[in-house]
Structure formats: structure tokens, C-alpha cells
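Scroll down for the structure; my scribbles are underneath it.
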Amino acid sequence: MDEQQTLIGTVAAVVFQNEENGYAVVRIVTDDGELITVVGCIPCAAPGEQIAATGAFVTHPQHGEQFSATEVERQMPATESAILDYLASGVVRGIGPATAQKLVERFGLDTLEVLENAPEELRKVKGFTDKRVREITESFREQMGLRRLMEFLLRFELPVSLSVPLYRRFGSAAMEMLRRNPYLLVDEPFSLDFALADEIALSLGGDTSCRTEAGILFELSHNESNGGHIFLPRVKLIAATAQLLDAPEEEIEKALDNLIDTNRVVQEPVANVTACYLARSLEAERYVALRIRAMLSDKPDKLKGAKRAIDEIEREQGIEYAPLQRRAVELAAEQELLILTGGPGTGKTTSVRAILTLFARMGLDVLLAAPTGRAAKRMGEVCGRDAQTIHRMLGMSWDEHTGKIQFTKNEKDPLKADAVIVDETSMVDLALMRALLAALRPGCRLVLVGDPDQLPSVGAGNVFSDLIRSGRVETVALTEVFRQAQQSAIIRNAHAVNEGNVPELTNTAESDFFFLPRRDPVRLADTVVELCKTRLPEKMGIPAAEIQVLTPTHKGAAGTVALNRALQAALNPASPEKRERLFGDTVFREGDRVMQTRNDYDVIWEREDGTAGTGVFNGDVGQILQIEPSGELLTVAFDDRVATYTADMLAELDIAYAITVHKAQGSEYRGVVFAAAGCPAALEVRGVLYTAITRARELLIVVGDDSTVRRMTENDKRQRRYSGLRWRLAEDKT
């Protein structure tokens, strides 16, 4: 980029405007009469306004020379002709060219002042009814409020995309509330890092009396989203907040008691611990415990002739269920709630198909669901019928005003199903389990299937494990590895690791599990690229598109960042036929494999059948189909959906040739290459290795250091998550 300079001019035209984040492409006329294209964050840009843009000239591959603005100072239109251009552009709902002409003729240079501060004057203009005046005034004030809000956020280098949810939550008072209490940005749905809000508050020099309470609430929500904790023990919460704020614990205790008195935090004893909950988290935990206990006490209608039907199913399918498999099917007929667990090769899929067949034969309406799109797709394939994500089954939508997820299916409008079977339940967090249970009508059977030895849910809670360990829910744990499955080294080694035994690392030609020793991280990365680019496609017949590289960490030569750069260069190199979009340090290229890194309920998608919707979720993997010539729009295919991204949304996407094991939960790949390089101690654990091995369907190649594999196998340390669900179920507590 060239040397920084400042351009001053009047906006002549707005070529592109992203209303969510303020990014714009505008053409300005400088004082010298030169027409220049300016790109940057110019919220609510409109013709007629004057701007002073600081930045530098850059060359766009499609559009030539542009001025890229890093900072923009603005003034509202100051002449009658500029005010006319501004209003005639349609920036204010209800005002078009003719109305703009009428207003400027009547009020002249005072037109904008009248619109904002003296709207009653508009009634003197012919054709302006009370309703029309109200609509125009509201639109203009909203426009000004959003603009000032965006400019305030830009001043502190915060995402201007926060302006829309802020305005929806607080309306015209948003700016004043933000000035008075910047810490509200820490709360949902904004979820800003506390340090940033703290910096704003201190720089404004205002009242920081709410700082301590904001710090406490931040610690609870941060530990929920990053540590999976439903509550924190009071002593730990006080200590953590005191460290965050560098404040005495006595001050934290006083603020915490105030939050408890106002019900923003709920404190109660849980298994000999004084637990502090966010109110919504406690409500979810209590609700799940209440519904589970109700299901356990409710005896569903017996499926008459179930055992005879199971015999018939065995004869028709030409198989004989193992004792535990048959036990699972029989219990599904008797219980309203059943948990089915088992590692790879233990016949979980066969058992699920048997339960599904029995339910269908007994005349039950059955729904199949899983937490992720890939898991639902696999479940549908092995069961021979449609399966869907839990979110989709529950009719998830995004409430713009509250900034929260809402579901159309709930107690008032439950699912029309007699039974629901959920796979990969270890991935289901507390909030999603609450929503699922709320959508089940009384008497509906629920079968929860999963592997408790895999990594826990990304979201807060430890639901699957808590249900099993409570000892209250009927659970069938399949343990026998069937003879056919024993032929797979992947399955044998998965069970070996799960039992604390180092996997067999000697290679045989007929194996589906290979180990390639590479202790040097750079050589390891080179080998991973070679495997994906040539060796596996040419020698094993597995194309690169069906190979997933997994690694425990983002950092280092064998982390996702470095591996993705190398794999992108090898598998999807730059080409004149492929458009690119640079975002930060990442190059997004047509044909790239990408992953969504957070839940975004506003992403618009469409299916081949013409149905459309919104929402792409953390962990969804897709491919960039097209980048518009302007570079401002990207089209990404996610399984059966095609989504559209604007350039500012690229912060939510990562290149995904290599992903972390945590991100691979719920997915299965034809071929997996696992980079076993040294990583932080918290990631060198058995659960990470076990989960990585069980992601491979046909072929697994471990590349790396055998000592790393050994350390991971021997370290069965599991991160403790503070959750009261197990205790509530075991002790019959509410």
C-alpha cells in the first residue's frame, strides 16, 4: 500500500453498501473536480455528504485504482443541492426525489434539522399526513442513530456490525446507554471481550461503578462459552474476577451479593459446592432435570408383541442380534427414555436400525436427528431414511430483537412424533437438550445414541455423560467388537487407546492404519501435503476431496494455520481462472474448502429445490463456488445448501484442508491424516487421539512423533466441567 494521505470531497454516488457493517464503495468528487472511488467503512453513506478520507491508493485486480480508507471523517450535506442529493437517494424511507425537492424548497438549509428535531413542521407541507410524518421521522432518526453508533464503534476499532443488534435492543437510546455503560457490550448477544469494554469505559472517563458487576458476569459467560461450565463455585468466581479486575476480593464479594439480590446471578448449593449460575443457565439445567425425571416416571404404552416383532425382523434381515443389541431394542419398546452407547465396531448402527424398524412396525411416527449436518447425513444414509439436524427439526430461527435463538417447536407446538432418535449425543450441549426436551409431546420416546469417550460438546454442559453417570437413565453400553470389525486396525487401535494402550504403530500392507514417523515438524508438514496431493489419490484411490487432515492445535508448523497454507498451495494453487479475495492474512480462492467458525443465524442460503433459509453453524464445511468480480460476494456450497457471504463476513470462515480434532466432532471421512506433533499439554490427551482415530472410515495415517502418540494415550485427564445436572438427577433435586 502507498503512503497515507487524506482526500476531501463530496459523495457523488454509492456503488455498494453493506447495511450490517457499514462497508461501502463510494465515488466522491474532490474539490479539484476529480472523480475517485473510495472503499472503506462509511456507514449509511449517501450522496451529498462531505467526507475526509485518510488512507492510500491501491490497485484492485478487477476495478483498477481505488482509494482504500482506513479512517473517514464526515459532515452532513451543507448546501441545498447537496441536501437534495442526499434525500433524493432514498437514504430515508418515505422520501424520494419528488418529496426531497418539496422539502428542500420549503425548508432550505434547515431541512435536515427539521427532520431530526422539529418534525411537526413537516405537517405544513402539502400531502404530509400524521402517519407519513411519523414514518419519515422514525426512519431519519434511526438512520442518524445507527450512523452515530457506527462512528462511535469505529472510534474504538470495534466491529460496526454490533450497531444493528445494539439499535434493535435499545433503540434511539443505544448511543446514550453505550456511553453511560460500555460494559453492556460484554453481555449477550454482543459478547465483546471484557478488556475491550474496559478500555472504552476508562477512556470515556465516566462512571465505572458497574465495572465489578460486569466483570463477574463476564467471568460466568466466558467460562460457559470457553470452558463449558454451567456454573462456577463462588470461591473460584470471586478469585477469577479479582484477578481479571485487579481488585480486592471484598469488593467482588459485595458486587456478587448485589447481583444475587437482583437475580442476575443465582446462588445455590450443588453437591457440597456453593454454585453461582447465570439465571438462564440454571433455568436450563433445572428444566432438563425436571423433564428427564418426568420421562423416567412415565411408563409409555407397551408395544404389544414387541419381542415377536423383533424375532420377525431378525428372520427377515437374516441376522441374529447379540444379547446386548437385543436388550437395547427390547428396552426401546419398554422405556420412554433410553441411552445407547458404544465405540466403533460394537454394532451401534445395527441396533439403531433395529429400533427404528421396530418402531415403524409398531406404527410409531419416528424422527431421526443429529447435532451437525454431516452427522445427520451419515445417520440418514445408514438408516435408509431422512435425518436432519436437531436445529432444523426444532424449527430454529433468530430473534433479531433479543439476539437469541428461538425454536418454533416447543411445549405449545410440539413435534408430531411418537419417537425421536438422536445420534452423536455427546455433542449436544445443555441449551440444545433443553430445546429438544421442550419440543417432545408427553409420552414421546427418546433414544439417545453416542460415544461418551469422545470429546464433550463444544457448547456448555456435559449432558450425555451426566445422564449416564447419574445412574437414573436406562443405558445399554455395547462393548463387544464384532469379528468383522476386528479386522480393521482403525477399530482395534481406537479401542486400544480408549483402554490406555498405545496403538499398534507397525505397518502391514493390508492394514487401514499406518504410522509414518516424522519428528521434525517441517518434514511432518511436507509429508502431510505429499500424502494428500499424490500418494493417497494415486496409491490408495482416495481423492484429495475425501481426505481430511486433523491436528490437535492451530499453532506451530503442524498446526492448522501452517498446514492450510501449504495444502491450499498444493491442492488449489493460484490460477488466472480462479478469483481470489484477500482477508487479513488469508487468501480465499474459488475451489477452496472452508469451515464456518461460529454460529451465524443471518447467513442466507438456498437449496436446489428453491427452498431458502438462514443460518450456518460452527463446524459446517463447504467449498467456495464463486467469488464475484468485485470481491464483495462469495458463494459457498455446504452439502445441500448454497450460502452467500459478503466480504466482511469472511472473519467467520477458515480454510479447512486441515482442521482441529475438536472441529471434526460428529463427522466421518473416507481418509484421515492425523498430524501427531507436540502441542500444548491440555491437548495431548487420550480423548483427542481417540476422537481423531474414530473420524476415519476407510484409512487413517498418523504422521508424527511416536512419543506424542504415547503421551496422548497415557494422559486420560479430562477437563472438569462444572455442571449440576448429574447431581439433580441422582438426588432428585430441582
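The values are calculated or read from the model by the stated rules, or taken from the named source; none is laboratory data. Predicted, not measured: the structure shown is a model, and the values here were computed from it. Every residue, glycine as well, gets a Cβ built from its backbone with ideal geometry; the counts of neighbours run over all protein chains shown. Side chains included, ligands, DNA and RNA excluded: accessible areas come from the protein's heavy atoms. Shrake-Rupley method; radii C 1.70, N 1.55, O 1.52, S 1.80 Å.
Might you check whether a residue that is free of Cβ contacts under 8 Å to residues at least 24 places away in the same chain, surrounded by 15 or more Cβ atoms within 10 Å (Cβ to Cβ) and either within 26 Å of residue 39 (Cα to Cα) or among the hydrophobic types (A, V, I, L, M, F, W, C) (or both) occurs anywhere in the stretch 585-595?
There is at least one residue in the stretch 585-595 that is free of Cβ contacts under 8 Å to residues at least 24 places away in the same chain, surrounded by 15 or more Cβ atoms within 10 Å (Cβ to Cβ) and either within 26 Å of residue 39 (Cα to Cα) or among the hydrophobic types (A, V, I, L, M, F, W, C) (or both).
Scan the stretch 441-494 residue by residue and report those that are under 27 Å from residue 513 (Cα atoms) and surrounded by fewer than 17 Cβ atoms within 10 Å (Cβ to Cβ).
477, 479, 480, 482, 483, 484, 486, 487 - these are the residues of the stretch 441-494 that are under 27 Å from residue 513 (Cα atoms) and surrounded by fewer than 17 Cβ atoms within 10 Å (Cβ to Cβ).
Tally time: how many residues in the stretch 4-42 are more than 11 Å from residue 69 (Cα to Cα) and modelled with pLDDT under 80?
Qualifying residue count for the region: 6.
Give the stretch 394-425 a look and list any residue that's over 13 Å from residue 440 (Cα atoms), at pLDDT 90 or above and outside any loop (DSSP other than H, G, I, E, B), or say none.
425
Here is a list: 93, 106. Which entry is surrounded by fewer than 21 Cβ atoms within 10 Å (Cβ to Cβ), of a type in the set (Lys, Arg) and touching a residue at least 40 places away in the same chain (Cβ under 8 Å)?
From the options 93, 106, the qualifying one is 93.
Report, by residue number, each residue of the stretch 441-474 that is out of contact with any helix residue (DSSP H, G or I) (no Cβ under 8 Å at 6 or more places or on another chain) and under 26 Å from residue 413 (Cα atoms).
441, 442, 443, 444, listed by residue number.
For every residue, the table says whether it meets (1) under 19 Å from residue 669 (Cα atoms); (2) outside any helix (DSSP H, G or I); (3) without any contact (Cβ under 8 Å) to a residue 24 or more places away in the chain.
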position: 350; (1), (2), (3): no, no, no
position: 353; (1), (2), (3): no, no, no
position: 356; (1), (2), (3): no, no, no
position: 367; (1), (2), (3): no, yes, no
position: 374; (1), (2), (3): yes, no, no
position: 377; (1), (2), (3): yes, no, no
position: 380; (1), (2), (3): yes, no, yes
position: 385; (1), (2), (3): no, yes, no
position: 392; (1), (2), (3): no, no, yes
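For the stretch 709-734, which residues satisfy the criterion of being open to solvent by less than 40 Å² (accessible area, probe 1.4 Å), closer than 22 Å to residue 674 by Cα and out of contact with any Asp or Glu (no Cβ under 7 Å at 6 or more places or on another chain)?
Passing the criteria: 709, 713.
For the stretch 300-313, which residues satisfy the criterion of being surrounded by 12 or more Cβ atoms within 10 Å (Cβ to Cβ), of a type outside the set (Val, Ile, Thr) and within 42 Å of the chain's Cα centre (by Cα)?
If the condition is that a residue be surrounded by 12 or more Cβ atoms within 10 Å (Cβ to Cβ), of a type outside the set (Val, Ile, Thr) and within 42 Å of the chain's Cα centre (by Cα), then 300, 303, 306 are the ones that fit.
Can you tell me which residue is farthest from residue 198 (Cα to Cα) among those in the stretch 238-263 that are touching a Gly at 6+ places or on another chain (Cβ under 7 Å) and open to solvent by less than 50 Å² (accessible area, probe 1.4 Å)?
The selected residue is 241.
Is it the case that residue 631 is surrounded by 21 or more Cβ atoms within 10 Å (Cβ to Cβ), in contact with a helix residue (DSSP H, G or I) (Cβ under 9 Å, 6 or more places away or on another chain) and among the small types (Gly, Ala, Ser)?
no
How many residues does the stretch 264-282 contain that are in contact with a Cys (Cβ under 7 Å, 6 or more places away or on another chain) and open to solvent by 20 Å² or more (accessible area, probe 1.4 Å)?
1
If a residue has to be part of a loop (DSSP other than H, G, I, E, B) and in contact with a Pro (Cβ under 7 Å, 6 or more places away or on another chain) to count, how many in the stretch 437-478 make the cut?
Residues in the stretch 437-478 being part of a loop (DSSP other than H, G, I, E, B) and in contact with a Pro (Cβ under 7 Å, 6 or more places away or on another chain): 5 in total.
With the condition being touching a residue at least 40 places away in the same chain (Cβ under 8 Å), more than 19 Å from residue 449 (Cα to Cα) and touching a Phe, Trp or Tyr at 6+ places or on another chain (Cβ under 8 Å), I'd like the helices (runs of 4 or more DSSP H) fully within the stretch 244-347 carrying at least 3 qualifying residues.
Once the helices (runs of 4 or more DSSP H) in the stretch 244-347 are filtered for at least 3 residues that are touching a residue at least 40 places away in the same chain (Cβ under 8 Å), more than 19 Å from residue 449 (Cα to Cα) and touching a Phe, Trp or Tyr at 6+ places or on another chain (Cβ under 8 Å), what remains is 279-297.
Among the numbered criteria (1) in a strand (DSSP E or B); (2) closer than 19 Å to residue 148 by Cα; (3) without any contact (Cβ under 8 Å) to a residue 60 or more places away in the chain; (4) not acidic (Asp, Glu), which one does residue 47 miss?
(1)
Conditions tested, residue by residue: (1) of a type in the set (Phe, Trp, Tyr); (2) modelled with pLDDT under 90; (3) surrounded by 22 or more Cβ atoms within 10 Å (Cβ to Cβ).
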residue: 319; (1), (2), (3): no, yes, no
residue: 323; (1), (2), (3): no, no, no
residue: 328; (1), (2), (3): no, no, yes
residue: 340; (1), (2), (3): no, no, yes
residue: 375; (1), (2), (3): no, yes, yes
residue: 379; (1), (2), (3): no, no, yes
residue: 383; (1), (2), (3): no, no, no
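Given the structure, is residue 395 touching a Lys or Arg at 6+ places or on another chain (Cβ under 7 Å) and open to solvent by less than 40 Å² (accessible area, probe 1.4 Å)?
In short, yes.
Within the stretch 160-181, can you find the residues that are touching a residue at least 12 places away in the same chain (Cβ under 8 Å) and open to solvent by 70 Å² or more (accessible area, probe 1.4 Å)?
168, 169, 172, 179, 180
Looking at this structure, is residue 589 among the basic types (Lys, Arg) and over 17 Å from the mean Cα position of the chain (by Cα)?
yes
Need pairs with beta-carbon distance below 7 Å; first residue open to solvent by less than 60 Å² (accessible area, probe 1.4 Å) and within the stretch 503-531, second outside any loop (DSSP other than H, G, I, E, B) and among the aromatic types (Phe, Trp, Tyr); sequence gap 6+ or separate chains.
The qualifying pairs are 505/515.
Taking residue 553, is it in contact (Cβ under 8 Å) with a residue 24 or more places away in the chain and either over 21 Å from the mean Cα position of the chain (by Cα) or outside any strand (DSSP E or B) (or both)?
Taking the combined requirement at face value, the residue satisfies it.
So residue 558 passes all but one of these: (1) closer than 18 Å to residue 689 by Cα; (2) in a helix (DSSP H, G or I); (3) in contact with a helix residue (DSSP H, G or I) (Cβ under 6 Å, 6 or more places away or on another chain); (4) among the aliphatic types (A, V, I, L, M). Which condition number does it fail?
(2)
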